[in-house]
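Please treat every number below as a calculation from the coordinates, not as lab data. Predicted model, so just to flag it, every value in this text is computed and none were measured. Cβ: placed from backbone, ideal geometry, glycine included. Neighbour counts: every protein chain shown.
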Amino acid sequence: MRSSNAVARHKAKKKTMKKVRGFYGARHKVLRVAYIAEKRAEQHAYIGRKLKKRDMRKLWITRINIASRANGLSYSRLIAGLNKADIRLDRKQLSEMAIHEPEAFTQVVEQAKAALA
């Protein structure tokens, strides 16, 4: 008797059909169309994860720029000052500090100013 790989194949089909549940039209009904839709959706999801990181970094930089200008220093000068003062805070931390702890952020800006002078 010829052996088949039916169990594994059925499992793979079920997995794909489960992923495309909720898609429009044939994309959630027809297996051949579902494979293509799933592949494309995964590509877009991958790209989206990369774009999300870029967007968050842009947001942090904008927040830092606004807060540092309120303290009399531009973003680029602040970053240069932090590097000279050897203060190792990433942009996410600086952004959170600017929002939730403005006094501490002001102290960091003053240290950066002192390092630039």
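Going 7 Å from the Cα of ARG21 toward and past its Cβ, which residues in segment 34-58 have a backbone nitrogen under 19 Å from where you end up?
Counting only backbone N, you get 34-39, 41-42.
My understanding is that a pair violates if its Cα-Cα distance is over 20 Å; which of LYS18/LYS39; LYS19/LYS52; LYS50/LYS84; LYS19/LYS39 do that in this structure?
Result: LYS19/LYS52; LYS50/LYS84 exceed 20 Å.
Just grab the label-to-label distance for SER76 and ALA117, each label 7 Å out from Cα along the Cβ direction, in nm (one decimal).
Between SER76 and ALA117, the simple spin-label model gives 2.3 nm.
How far apart, in nanometres, would the label points at ARG40 and ARG69 be if each is projected 7 angstrom from Cα along the Cα-to-Cβ direction?
4.1 nm
DSSP loop (so not H, G, I, E, B), at most 10 other Cβ within 10 Å: list which chymotrypsin sites (Phe, Trp or Tyr not before Pro) in segment 13-61 pass both filters.
When the chymotrypsin sites (Phe, Trp or Tyr not before Pro) of segment 13-61 are filtered for loop state and at most 10 Cβ neighbours within 10 Å, TYR24 remain.
With label points built 7 Å along Cα→Cβ from the Cα atoms of THR62 and LYS92, find their separation and express it in nm.
A separation of 1.9 nm, rounded to one decimal place.
If contacts are Cα pairs under 8 angstrom and at least 6 residues apart, what is the relative contact order of the chain in percent?
After rounding, I find 19 percent.
Which of THR106, THR62, THR16 moves the most in a Gaussian network model of the chain with Cα springs under 10 Å?
THR16
Using just the helices of the chain, give the 222 nm mean residue ellipticity in deg cm²/dmol: DSSP H runs with n ≥ 4 each add -39,500 (n - 2.57), and the total is spread over all residues, rounded to 500.
One gets -25500 deg cm²/dmol as the mean residue ellipticity at 222 nm.
How high is the FRET efficiency from SER3 to ASP55, r the C-beta distance, R0 41 Å, rounded to 0.05? Can you show the working numbers first?
Numbers: r = 51 Å, r/R0 = 1.24.
Working from the Cβ atoms, E equals 0.20.
Not counting the cut sites, what is the longest span of the chain without trypsin sites (Lys or Arg not before Pro) that DSSP labels loop and that have at most 10 other Cβ atoms within 10 Å?
Value returned for the longest uninterrupted segment is 22-87.
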